[in-house]
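To start, the structure itself, in structure tokens.
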Amino acid sequence: MNSYRPDTRRLLVAQGLRAFAYGFSAVLLGTSLEERDVPAWQVGLVLGATVAGTALMSVLVARYADRVGRRRWYAGLYVLLGVVGVVFAVAGSVWVLVAAALTGVLSTEVIESGPFTSLEQPMLASDLRGRAQVHGFGIYNAIAAVAGSLGALMAAVPTLTSEVPPQWWFLVLVPVAVAGWAIGRSLSAAVEPVGVDAGQGRLVRSRSTVSRLAALFAVDSFGGGFTVSAFVAYWLTARFDASPAVIGATFFAVGLLQTVSFLVAARLADRFGLLPTMVFTHLPSNLLLAAVAFAPNLATAVVLLLARTVLSQMDVPTRQAYVMTLVDPDERTPAAAYTNTARYVSRPFGPPLAALAQTVALGLPFVIAGGIKSVYDVTLWRWFRRVPLPEPVNEPA
């Protein structure tokens, strides 16, 4: 990190702190609602409001963040995070929790892709140039994976003490929010948009490009919704009677491999280019995903899942760098926000359809997910392989 400029180092620290908090709170969110004896349908409302709020806030970021100023909006999001932490710690009404969740600053995932990242991506792109950009995004995602996993592990702490009500642990978000606010206020003017239309928060020249990318990313995320972690755990148990210890160890290994994958992706992008790295690592990972359905035993299924993980995450930092490089600097914030929102909006439709697919064959969701995501890869390659990038970051070494 010492080789990065001060703004990038600060953003990486903020990402690590927030990822830890999100890893902690994502687990705590479900367990605390259970401890409060909240009915299942109301739990669904809170979780649904969290996802809907993330999408809504990301759209607001796209439209207004550059006008207000990235640093101000970024610091403001952390103020909201602190307020939401207090609300979830002390509120007794589910409807108050729903209202707080609609602010969009919470996350149901250990690694989030919401309004914070929609601002961090263009700010990192402003501070990084050329090939340093994809390497920076690799470090950025690796930090999120490690910190988020540690946060999820620390979520076991509230179960070890009965003196403190579980929901009070949401107050952990408050010091993280204070630190994030301070980091946001300390960023330099270099992270702000530049150009003729700077601060307009509109897509003009890149509208068609971002619309196509958003549509493709929505398809990819929809396919991923068929095989969320909860379904994988359920399938391993139902198909092979896997123990919680085995499933937990598998998911821990998945987290480690994701971290390595983020870092290796940058090296591959240096050699082969951003788009080839995105497509030709992601496509075989989807074939491995479909093959999981036909695994004859638990060991084979776990090996296929881990092999798939090695390849499947390499498109994350390369995708982020690709979007930031493909659009003009003054359109980076709405480009990041709209493409992130597309992924968030489409993903929730996958799990209920996966449940229907299971009634036909238990492993069918793996096949459907692999097929949908493979269509995404092939279409992405066909649509964008001849689209030139304005910077040499996509040039092979």
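The values are calculated or read from the model by the stated rules, or taken from the named source; none is laboratory data. Everything quoted here is computed from the prediction, not taken from an experiment. Cβ sites come from the backbone with ideal geometry, for glycine too, and all protein chains shown count toward neighbours. Just the protein is used for accessible areas: all its heavy atoms, side chains included, with ligands, DNA and RNA removed. Shrake-Rupley method; radii C 1.70, N 1.55, O 1.52, S 1.80 Å.
Give the residues of segment 184-209 that are at pLDDT 90 or above and either under 16 Å from Thr339 (Cβ atoms) or in a loop (DSSP other than H, G, I, E, B) (or both), sorted by residue number.
Leu187, Ser188
Matching residues to (1) of a type outside the set (A, V, I, L, M, F, W, C); (2) more than 23 Å from the chain's Cα centre (by Cα); (3) surrounded by 20 or more Cβ atoms within 10 Å (Cβ to Cβ):
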position	(1), (2), (3)
Phe240	no, yes, no
Val254	no, no, yes
Gln258	yes, no, yes
Thr277	yes, no, yes
Leu287	no, no, no
Phe294	no, yes, no
Ala299	no, yes, no
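With the structure loaded, tell me whether Val68 is crowded, with 17+ Cβ neighbours inside 10 Å and farther than 12 Å from Leu106 by Cβ or whether it fails that test. Walk me through it before giving the result.
Working: crowded, with 17+ Cβ neighbours inside 10 Å: no; farther than 12 Å from Leu106 by Cβ: yes.
In short, no.
Are there any pairs with C-beta distances below 7 angstrom linking a residue in segment 375-386 that is over 19 Å from Val327 (Cα atoms) and of a type in the set (S, T, N, Q) to a residue that is surrounded by 19 or more Cβ atoms within 10 Å (Cβ to Cβ) and at pLDDT below 95, with the two at least 6 apart or on different chains, and if so which?
From residues that are over 19 Å from Val327 (Cα atoms) and of a type in the set (S, T, N, Q), the pairs are Thr379/Leu216.
How many of the residues making up segment 373-383 are surrounded by fewer than 19 Cβ atoms within 10 Å (Cβ to Cβ) and in contact with a Gly (Cβ under 9 Å, 6 or more places away or on another chain)?
Within segment 373-383, residues that are surrounded by fewer than 19 Cβ atoms within 10 Å (Cβ to Cβ) and in contact with a Gly (Cβ under 9 Å, 6 or more places away or on another chain) number 1.
Would you point out the residue of segment 46-68, among those that are free of Cβ contacts under 8 Å to residues at least 60 places away in the same chain and more than 18 Å from Arg347 (Cβ to Cβ), that is nearest to the chain's Cα centre (by Cα)?
Leu60
On the basis of being open to solvent by less than 50 Å² (accessible area, probe 1.4 Å) and on the phi < 0 side of the Ramachandran plot, does Tyr74 make the cut?
So Tyr74 fits the description; yes.
May I ask you to say which residue of Thr325, Thr309 is within 22 Å of the chain's Cα centre (by Cα), at pLDDT below 90, β-branched (Val, Ile, Thr) and over 24 Å from Thr250 (Cβ atoms)? Talk me through it step by step, then tell me what you get.
Working: Thr309 fails: over 24 Å from Thr250 (Cβ atoms).
Result of the check over Thr325, Thr309: Thr325.
Take segment 205-238 and flag every residue that is open to solvent by 50 Å² or more (accessible area, probe 1.4 Å), among the β-branched types (Val, Ile, Thr) and more than 21 Å from the chain's Cα centre (by Cα).
Selection gives Thr237 alone.
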